[in-house]
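Undergrad: Submitted below is the structure of interest, expressed as structure tokens.
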Amino acid sequence: MLGRMVANTMIKPHQSPVFDDPSNYGLDYEAVTFKASDGVSLSGWLIKGDKDGVVIQSHFG
């Protein structure tokens, strides 16, 4: 797995590799993608909870 991470970092320097997803932890989720105001496509997972609050977790490679 480390080799894959290093290779992806070199081949795709502006993309962070993803090695896991919420289903591995028993979470229901929806894959979401949208364009920011500068035209960059952002993607992530929407995991709905039972509270009214919002948490945004970001990761930059």
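Undergrad: If amide hydrogens are placed 1.01 Å from N in the peptide plane, which non-local residues have theirs closer than 5 Å to the one on residue 45?
TA: When sequence neighbours closer than 5 places are left aside, the close amide H contacts are 32.
Undergrad: Here is a further query. Provide the packing ranking of 35-42, 51-58, i.e. peptides ordered by the mean count of other C-beta atoms within 10 Å per residue, highest first.
TA: Ranked by mean Cβ neighbours within 10 Å, highest first: 35-42, 51-58.
FYI, it's all coordinate maths here, none of it is from the lab. On a predicted model such as this, the values are computed, not experimentally measured, just so you know. Ideal geometry is used to build each Cβ from the backbone, glycine not excepted, and the neighbour counts take in all protein chains shown.
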